[in-house]
Structures are given as C-alpha cells and as structure tokens.
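Colleague: Okay, handing you the structure first.
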Amino acid sequence: MSSGDHQAVLDELHQALLKVQPKDLYQFCAYFFQEKLAQQRAQLLGLAHDHPHFRDIPLLPAPENATVPVITQNLQHSHVATHPTLTTATLGEGPFPETTPPTWQQAEPLVVTGAAVTTSPTHDAARRASSEFNEDDLMQDEPHPPEVDPMIAYNRGRRSSVSAESMAPTTDEEFVKIVIPKSDDQRARIRTSIANNFLFRNLDDEQYRDVVDAMAEKSMAQGEEIIRQGDIGDYFYVVEKGSFEVFVAKDQAAPTKVYEYGPGGSFGELALMYNSPRAATVRATSDALVWALDRVTFRRILMERTSRKRRLYEEFLEEVPLLVSLEPYERHKIADALDTVVFQDNEVVIRQGDVGDNFYIIESGEATVTKEENGITRTYPSLKKGDYFGELALLNDKPRQATIRAKGRLKCATLGKKAFVRLLGPVVDIIKRNTVNYKLMNYIE
Ligand SMILES: Nc1ncnc2c1ncn2[C@@H]1O[C@@H]2COP(=O)(O)O[C@H]2[C@H]1O
C-alpha cells in the first residue's frame, strides 16, 4: 500500500467522523476498519471465485450496500453508535432493512468467563450427583475450527491460527450493547424460541436480556437461502417458525444435505466462532421466521461456552461406539446438550422402578447393573467407559428396568429426554437393535 493509499483511508475515516460525530470514537474507528478488512477479504474471496469450487458461490454484496443500522448502548452511557457507512440509521430498524446482509466483520476479542455446566434438575439422582466440568482439560487445548476447504480459507496468511483471537479476553467497556426495540409479543416469541436451545442455557439475567435486546426478526420465504457456503459470517440464527435444510459442497461434488432445523434450532455459529467462511448453505424449506443475533453479541455471550463444551466432549464422543456413525457436526450438537455428572462409590445413578428422564454415557469409571425380580437380585456385566445406559425408559416410556450404581468414582455425560429424542434420532435404530443384548442376558423380556 502506498502512502497515497494510507492518506485516502485516513481521509475517508476523517469524513465519516465529521459526519457521524460518534461519542465512542474508538468503537467507531474499530467498526470502520473492520469493514475495510471485510471488504478486502471479500475481494480476496472474489479472486478465489475463479476456482471451479466457487463458480456457484456469488460474492458478497457490494460494500457500499452494507449498512448496519443498530441502536447501541454503551455499558456506561446510552448512545447511538452509527456504523460509518450508515449515516441514516433508523432507530428501531433491525439489521435487515434491505435484502443485503451487512458484511462487516468484527474481529473483537472474547470475554473468557467461568464455565457453567450444571446438573439437570430432572436428573435421576440430582441430589446425590455433583456436576463437574474439567476446566483443565480444556485450557490445555486451543479451540480449533472445523475443517474448511483450503480454497475458501480466504483469511489464510493473515493469521496462522484463529484460536488466539478466539480466546483473547475483552473488557466490558469495549463491548457496545446492541438494542433493537421490541414489543412484548416479540420478546415473548424470542423467549419461546430459545427456551429449549442448549446454547442459551445458564445465561445470567443480564446476558439473557442482552441477547434478547440484540436479536432482530427476519422472515424468509420458502426456498430462500439464509446462509451461503463460503460467505463471511455475520449473524447467528435461531428458528422461531419453519424449517431449514443444510447443504455442504465439497470439492467438485454436488452439495449434499447434511442437517435440518426446525423451530428452536439454531445455526450459523461456526463462521462466527472460528472467523472462517460459512461452512454450509442453509435454505428455508418453508416460509420461516428467524431471530438473528449479531456476531459481536454472539461471540461475547454465547461463543465461549459453546466452543468450550464442544472441545470438552469432542474426543470422548468420537470414541463412543454408539456415535461413530454420526457426522462430526452431529456430535457437536450432542456436545451442546451434554452435562457431566459425577457419582461417588456406590451412589445410585438410576433406581429400578423410578421414572426415567436422562440418558447416560460413561466418561470414566465403572457402573454396576443389578435387577430385582421376585425378591432375587441379579447382577449383570458392569458398564465401562463409552458404554451407555438409561435408554430403555426413554425409548419405551416405562419405569427404570434396573439399578445402576457407581463402582468407585463414576463420571457420566448425560442428556435429557428431549435432547435424546432429537439428537440421537440417527442412531436410535442402533440403540433399539442393541436392546437384543439385554434380552439375550434375560435382562428384559
Ligand atoms: N455438517 C455441517 N457442516 C457444517 N455446518 C453445518 C453442518 N450442519 C449444520 N451446519 C450449520 O450450517 C451453518 C453454516 O454457517 P456456519 O458455517 O457459520 O455454521 C454452520 C452450522 O451452524
């Protein structure tokens, strides 16, 4: 870049500052340069577009169309922070005034807060179990992005690792809250949409309010694409109504359908978490309504816990025989829903005859299985790491068929019933087939 180029950029910034007169000078400058970066990346992506892989992936919208009208609120004092390319910000408008999505890319760091994985209140032995989260396991590993086609790794060369940025701390002062005004009805609809979404669990009141404040409503027509593979990530989406299909194009092959979402589902987190291009194309299969959460709010409030849990369970889930047939992304979604529970020697995890709410996979340790019939207690082979239990009551809506106890210290990953049904759908046939083993052992009729 020549010194003339430098001057042109500074002049442009100067003009924008004079026009907007922002109260938060540094935040404004940060947005300004992040958008410049996004434009540059979009151009690089444009170069890559000549590659056969890219022929069907249109480029991002022209930068001059990229407007981000948001009402923002600094933690200390409320004000309207206007994006430099938007000098006519409309209060109350969401981020989708036109058909073009905003393209600027925030590369802001992330607050690292304490992890919170709690024991589910419906847990079979909630009072006796203690929830455990292995911070140490995680802190040693850097987060790593999902595999991305190198041709679309458009920011390659700019940094060798995304993880340093992903985990860099930020301060509350740097975070400018986005507040998009909403009716009570809209707030209630958001609450319903995120009620069963695991990514929104364990938010404190302020985080919850910030997320709801920042969400923008967006309606989609059947067949419309909300995310296109290869694009820069701007928003994370939660489905209120309707359904979506996810397609991944690899190499020169035709895109294949890999996932689908219905009400309560969420997508678009990967590009925001890893600063990578969109890993898949997501298309509405019916008229739909979604809530969009901007990249900054997602990264600040939801990203850390999401990446932490995925990393925590990634290796373990890969080794669980029941789950080997799943796609990595399906295992990520299971990780989002898992909690870890720990039992001490001889503690009862499941008691025969109880109502069952949870499914368990053993992370470490051993569990004994006993069953009482006509006053006789039978003992069955113990369960070990990677084995699962608790599925029968969830599959058949029957009382627990046996008692499971910790033999020594036992650590399990557990899923609630809804998550079991939703996320283990692809392996439910295997689970059912495996119940034959119980029959062979005369464990069940
Ligand atoms: N198999 C998959 N591979 C990649 N992304 C997927 C897959 N299934 C669902 N998705 C979602 O599709 C989204 C596309 O945008 P992102 O890459 O930001 O985040 C992605 C995920 O949320």
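The values are calculated or read from the model by the stated rules, or taken from the named source; none is laboratory data. Just so it is clear, the model here is predicted, and its values are computed rather than measured. Cβ atoms come from the backbone with ideal geometry, glycine included; neighbour counts cover every protein chain shown. Accessible surface is based on the protein model in full, side chains and every heavy atom, while ligands, DNA and RNA are left aside. Shrake-Rupley method; radii C 1.70, N 1.55, O 1.52, S 1.80 Å.
Colleague: Looking at the range 208-227, can you tell me whether even one residue there is in a helix (DSSP H, G or I), open to solvent by 50 Å² or more (accessible area, probe 1.4 Å), within 23 Å of residue 296 (Cβ to Cβ) and out of contact with any strand residue (DSSP E or B) (no Cβ under 8 Å at 6 or more places or on another chain)?
Modeller: Yes; the residues of the range 208-227 include at least one that is in a helix (DSSP H, G or I), open to solvent by 50 Å² or more (accessible area, probe 1.4 Å), within 23 Å of residue 296 (Cβ to Cβ) and out of contact with any strand residue (DSSP E or B) (no Cβ under 8 Å at 6 or more places or on another chain).
Colleague: For the range 271-295, which positions are more than 9 Å from the ligand (Cβ to nearest atom), in contact with a helix residue (DSSP H, G or I) (Cβ under 8 Å, 6 or more places away or on another chain) and part of a loop (DSSP other than H, G, I, E, B)?
Modeller: 275
Colleague: Let me ask you something else. Within the range 248-270, restricting attention to residues that are more than 9 Å from the ligand (Cβ to nearest atom) and under 19 Å from residue 291 (Cα atoms), which residue is most open to solvent (accessible area, probe 1.4 Å)?
Modeller: 263
Colleague: Something else about it: Look at the range 190-199 and say how many of its residues are within 19 Å of residue 298 (Cβ to Cβ) and more than 15 Å from the ligand (Cβ to nearest atom).
Modeller: Filtering the range 190-199 for residues within 19 Å of residue 298 (Cβ to Cβ) gives 190-191, 193-199.
Cutting the leftovers down to more than 15 Å from the ligand (Cβ to nearest atom) gives us 190-191, 193-196.
Residues flagged as within 19 Å of residue 298 (Cβ to Cβ) and more than 15 Å from the ligand (Cβ to nearest atom) within the range 190-199 amount to 6.
Colleague: Consider residue 251 carefully, then state whether it is closer than 21 Å to residue 34 by Cβ and out of contact with any Phe, Trp or Tyr (no Cβ under 9 Å at 6 or more places or on another chain). Write out each step before concluding.
Modeller: Values: closer than 21 Å to residue 34 by Cβ: no; out of contact with any Phe, Trp or Tyr (no Cβ under 9 Å at 6 or more places or on another chain): yes.
Taking the combined requirement at face value, the residue does not satisfy it.
Colleague: Can you tell me which of 356, 375, 365 is within 24 Å of residue 197 (Cα to Cα) and of a type in the set (Gly, Ala, Ser)?
Modeller: On the way: 375 fails: within 24 Å of residue 197 (Cα to Cα); 365 fails: within 24 Å of residue 197 (Cα to Cα).
Selected residue: 356, the only one of 356, 375, 365 that is within 24 Å of residue 197 (Cα to Cα) and of a type in the set (Gly, Ala, Ser).
Colleague: Same structure, new question: Here's a check for you: in the range 362-398, which residue that is of a type in the set (D, E, K, R) and within 39 Å of the chain's Cα centre (by Cα) is least open to solvent (accessible area, probe 1.4 Å)? Step through it out loud before you land on a result.
Modeller: We begin by selecting, within the range 362-398, every residue of a type in the set (D, E, K, R); these are 363, 366, 371-373, 378, 384-385, 387, 391, 397-398.
Going one step further and asking which of them are within 39 Å of the chain's Cα centre (by Cα), we end up with 363, 366, 384-385, 387, 391, 397-398.
Working: 363: 27, 366: 49, 384: 105, 385: 122, 387: 55, 391: 3, 397: 117, 398: 116 Å².
Looking at residues that are of a type in the set (D, E, K, R) and within 39 Å of the chain's Cα centre (by Cα), I get 391.
Colleague: Moving on. With the structure loaded, tell me whether residue 298 is within 11 Å of the ligand (Cβ to nearest atom), aromatic (Phe, Trp, Tyr) and not in a strand (DSSP E or B) or whether it fails that test. Steps first, please.
Modeller: Details: within 11 Å of the ligand (Cβ to nearest atom): yes; aromatic (Phe, Trp, Tyr): yes; not in a strand (DSSP E or B): yes.
Criteria met by residue 298.
Colleague: Select from the range 301-316 the residues that are within 13 Å of the ligand (Cβ to nearest atom) and among the hydrophobic types (A, V, I, L, M, F, W, C) and list them in ascending order. Give the derivation first.
Modeller: If we filter the range 301-316 for residues that are within 13 Å of the ligand (Cβ to nearest atom), which is where we start, we get 302-303, 306-307, 310.
Within the range 301-316, 302, 303 meet the criteria.
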